[in-house]
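Enquirer: My structure is below; once you've seen it, I'll send some questions.
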Amino acid sequence: MWMEKAANQGHVDAQNILGNWYAYGFFHIRNDDTAIEWYLKAAEKGHADAQNNLGNIYFAGKGLPKNEPEAAKWLRKAANQGHAHAQNSLGLMYANGVGIPENDAEAAVLYHMAAVQGLREAQGNLGYVYSTGEGVAQSDITAYVWLSASKINGLRAGKSWLKKLRKRMTKQQIADAQTLATQCYESDYKDCD
């Protein structure tokens with residue numbers, strides 16, 4: 001198979017793709033151990049997707065014993081390269097103190113890094129922490145902006161959280177938040193504060 005040949009020659013994208021094929025059973029070749037081997041080869045060479053995949057495997061304990069600190073290590077490597085899914089996952093680990101010490105402020109920073117990349121789950125998480133003030137200064141307007149973004153991007157929870165938030169906001173706050181949400185969306189999430 002040509003993909004395996006490229007992977008054996010050290011092509012990190014091919015290694016990660018093979019990891020995916022084995023992890024998800026593409027072409028009827030599901031094998032968790034082989035998937036982990038390919039992910040590890042690519043992850044050790046700095047491939048952010050492979051690092052994220054390996055972090056998720058350690059977190060879930062799929063094919064390896066569950067190891068949350070090891071999951072955090074690999075997710076952090078991917079997050080440091082700007083991988084939005086890894087940033088959000090690591091943020092959740094910080095928010096809940098899973099495998100690493102609880103740190104709501106660090107969780108919020110990570111959510112923000114992923115949210116500005118358009119990751120709807122991170123946008124929802126960021127909106128939630130602004131609504132509660134966990135790790136950030138509480139702001140219903142900022143919460144509204146990020147929950148609106150998550151809703152627009154298809155996060156169902158964003159819609160229900162937004163509905164609850166609106167109940168405690170004044171009409172003027174909602175109008176201000178809608179203006180800022182439009183600005184945020186039109187700037188591709190670069191001008192949201």
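Enquirer: Please find, within region 124-139, the residue that is farthest from residue 106 (Cα to Cα) out of those that are of a type outside the set (Ser, Thr, Tyr) and open to solvent by 40 Å² or more (accessible area, probe 1.4 Å).
Expert: 138
Enquirer: Just to be sure I understand the filter: pairs with C-beta atoms under 8 Å, separated by 6 or more residues or on different chains, first member in region 8-29 and at pLDDT below 90, second member assigned to a helix (DSSP H, G or I). Which pairs pass?
Expert: 26/20; 27/21; 29/21; 29/22
Enquirer: Return the pairs, sorted by first residue and then second, in which the second residue is part of a loop (DSSP other than H, G, I, E, B), the first residue lies in region 94-116 and is surrounded by fewer than 16 Cβ atoms within 10 Å (Cβ to Cβ), the beta carbons are less than 6 Å apart, and the residues are 6+ apart or on different chains.
Expert: Close Cβ pairs satisfying both conditions: 105/135.
Enquirer: So how many residues does region 1-55 have that are of a type in the set (Gly, Ala, Ser), under 22 Å from the mean Cα position of the chain (by Cα) and crowded, with 17+ Cβ neighbours inside 10 Å?
Expert: 8
Enquirer: Another question, then. I'd like the residue in region 140-189 that is assigned to a loop (DSSP other than H, G, I, E, B) and open to solvent by 50 Å² or more (accessible area, probe 1.4 Å) and, out of all such residues, is nearest to residue 120 (Cα to Cα).
Expert: Only one residue fits best here, namely 153.
Enquirer: Any residue that is at pLDDT 95 or above and farther than 28 Å from residue 16 by Cβ - is there at least one of those in region 74-93?
Expert: The answer is no, given that none of the residues of region 74-93 is at pLDDT 95 or above and farther than 28 Å from residue 16 by Cβ.
The values are calculated or read from the model by the stated rules, or taken from the named source; none is laboratory data. Owing to the predicted nature of the structure, the values given are computational and were not obtained by experimental measurement. Glycine gets a Cβ as well: all are built from the backbone with ideal geometry, and neighbour counts include every protein chain shown. Heavy atoms of the whole protein, side chains included, go into the accessibility calculation; ligands, DNA and RNA do not. Shrake-Rupley method; radii C 1.70, N 1.55, O 1.52, S 1.80 Å.
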